[in-house]
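In what follows, a structure is listed as structure tokens, so that the remarks can point back to it.
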Amino acid sequence: MALAFDEYGRPFIILKEQEQKSRLRGLDAHKANISAGRAVARILRTSLGPKGMDKMLQSPDGDVIITNDGATILEQMDVDNQIGKLMVELSRSQDYEIGDGTTGVVVMAGALLEQAEKLLERGIHPIRVAEGYEMASRIAVDHLERISHKFDFSDADIEPLVQTCMTTLSSKMVTRCKRTLAEIAVKAVLAVADLERKDVNLDLIKVEGKVGGKLEDTELVYGIVVDKDMSHPQMPKRIEDAKIAILTCPFEPPKPKTKHKVDIDTVEKFQTLRQQEQKYFDDMVQQCKDAGATLVICQWGFDDEANHLLMHRNLPAVRWVGGVELELIAIATGGRIVPRFQELTPEKLGRAGLVREKSFGTTKDRMLYIEQCANSRAVTIFIRGGNKMMIEETKRSIHDALCVARNLIRNNSIVYGGGSAEISCSIAIEAAADRHPGVEQYAIRAFADALDSIPLALSENSGLQPIDTLAEVKSQQIKENNPYYGIDCNDVGTNNMQEQNVFETLIGKQQQIMLATQVVKMILKIDDVITPADY
């Protein structure tokens, strides 16, 4: 700060820009970054595993979200710290890539940071720690490959897929009907999967929800469910062997623009105008009829007069259908989306075996089911639940299960869950550390300790004695050389995850370890943090 005088001799103060910035260097910077990363991980730690707690988040508009999904919690959380934001990105990339394991990957990164802090305090250089972690993560990924199991499934035998999806759903709110939901998810994925190319297009699976009914009423519809009803109450509620015209042009006579004035001074002129409009509309309906359409689905609306005329000309119609839904309907029925009436031809119509309107409960809620389509590769999972939050959470859980089933079709290797894979990797890394002379071996051992944090968190959340349980399971694994022993979260009475049918996908686990290591390496390489002051 300096004192200066202006031309009138009045003193004024010059503030140097630099003084408003706070700066952390060296070990202080590392510690600040590590504690920020750990703070985020600590929030998610309690929601890991089948007995994990749920988080309730309230948005500024007052919407409440109750969820157990790591990626959703971090998305909705307001994280200011830059390192905290890296953790949010970390869970998001796990969500994009794998779809499951978003909580575990953040807990893992937090544990690695915690171990790194101890090493840095002992005076080990951060680059050495990062290199040791890199070596250890390679050992872990190779070890996972070795202990993984491949299993074969076919359209007839989907049990292995269902078991793996059930593991995913067991840590969510919907755990009481995980069997039903897992079967629905697997059947949906198999319906749209291309098993020869080992590829699944999840865009063909639409997840719809409607409040009312109970979670057990959730169903899989081989077709499309649209949250719309017929535009006129007297139109038929059920159309068999429907030929569908999918239009993106307005289904009504063009309105005269407001800038022009139409003077009508006699009744005859008004009649002529009205007849003109009606003829225009009749031509439209006739064009649809000529093409052979028995149902019109339109992106735009039409007014009551048009609705009345459609009703009289026996052409059922649905209005205000959104663009994404139109595309799905077009894919499912094999139709083409028609932008102008002149282009409507019989080849462009979509075909569906059955279009029916279904009403729910005693309310006016109706939905349109388009089933038995020409191309049955578009399906809808239709979720019911007691309230909106439950439906939203079920949607998120189903998304995770769908992703797991997709990953298994891409790569059918699994490892066992319940922390057994982490414990096994930890033992393998511990054994491999002796082969690395030099400072890195401390970091490699620290990585092994960090891996233990997942089973520790699992047993803690399940209300067991964390350290005793972990020690017991670890000694069991070493004694019997069996990588299937994990934490018995559900209190079944056996620690063998093979008997408990707790599976996780191999690529999901490998991705977790690799992503967590990458982020921790990135955080360890930051040794100078300059932040602008808060005004």
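So, of the residues in region 444-488 that are over 27 Å from the mean Cα position of the chain (by Cα) and hydroxyl-bearing (Ser, Thr, Tyr), which turns out to be surrounded by the fewest Cβ atoms within 10 Å (Cβ to Cβ)?
The extreme case among them is Ser475.
Of the conditions (1) modelled with pLDDT of 90 or more; (2) open to solvent by 60 Å² or more (accessible area, probe 1.4 Å), Glu499 fails just one. Which one is it?
(1) is the only condition that Glu499 fails.
Working only within region 337-368, note down all residues that are of a type in the set (Lys, Arg) and either without any contact (Cβ under 8 Å) to a residue 24 or more places away in the chain or more than 17 Å from Arg319 (Cα to Cα) (or both).
Correct list: Lys348, Arg351, Lys358, Lys364.
Return the total of residues in region 161-190 being charged (D, E, K, R) and over 19 Å from the mean Cα position of the chain (by Cα).
2
Among residues belonging to region 66-82 that are assigned to a helix (DSSP H, G or I) and in contact with a strand residue (DSSP E or B) (Cβ under 9 Å, 6 or more places away or on another chain), point out the one that is nearest to Leu202 (Cα to Cα).
Filtering first and then ranking leaves Thr72.
With the condition kept exactly as written, say whether any residue in region 115-128 is of a type outside the set (Lys, Arg), touching a residue at least 24 places away in the same chain (Cβ under 8 Å) and at positive phi.
No, the conditions are met nowhere in region 115-128.
Specify the residue that is surrounded by the fewest Cβ atoms within 10 Å (Cβ to Cβ); the eligible residues are those in region 91-128 that are out of contact with any Phe, Trp or Tyr (no Cβ under 8 Å at 6 or more places or on another chain) and among the β-branched types (Val, Ile, Thr).
Top of the filtered list is Ile127.
Which ones in region 284-296 are surrounded by 13 or more Cβ atoms within 10 Å (Cβ to Cβ) and either assigned to a helix (DSSP H, G or I) or touching a residue at least 60 places away in the same chain (Cβ under 8 Å) (or both)?
Once the filter is applied, which keeps residues that are surrounded by 13 or more Cβ atoms within 10 Å (Cβ to Cβ) and either assigned to a helix (DSSP H, G or I) or touching a residue at least 60 places away in the same chain (Cβ under 8 Å) (or both), region 284-296 yields Met284, Val285, Gln286, Gln287, Cys288, Lys289, Ala291, Leu295.
Could you look through region 269-283, keep only residues that are hydrophobic (A, V, I, L, M, F, W, C) and either over 23 Å from Pro236 (Cβ atoms) or open to solvent by 10 Å² or more (accessible area, probe 1.4 Å) (or both), and pick out the one that is farthest from the chain's Cα centre (by Cα)?
Result: Phe270.
Given the criterion closer than 23 Å to Ile158 by Cα, of a type in the set (Lys, Arg) and buried (at least 22 other Cβ atoms within 10 Å of the Cβ), identify the matching residue among Arg410, Arg377, Arg396, Arg406.
Arg406
Among the listed residues Gly361, Gly438, identify the single one that is open to solvent by 30 Å² or more (accessible area, probe 1.4 Å), over 30 Å from Lys228 (Cβ atoms) and modelled with pLDDT under 85.
Gly438
Which pairs turn up if I take residues in region 139-158 that are more than 20 Å from Ala405 (Cβ to Cβ) and look for partners that are open to solvent by 70 Å² or more (accessible area, probe 1.4 Å) with beta carbon separation below 7 Å, at least 6 apart in sequence or on another chain?
Val141/Met514
The values are calculated or read from the model by the stated rules, or taken from the named source; none is laboratory data. For clarity, every value in this text was computed on a predicted model and none was experimentally measured. Using ideal geometry, Cβ is built from the backbone for each residue, glycine included, and neighbour counts are taken over all protein chains shown. Only protein heavy atoms, including side chains, enter the accessible area calculation; ligands, DNA and RNA are left aside. Shrake-Rupley method; radii C 1.70, N 1.55, O 1.52, S 1.80 Å.
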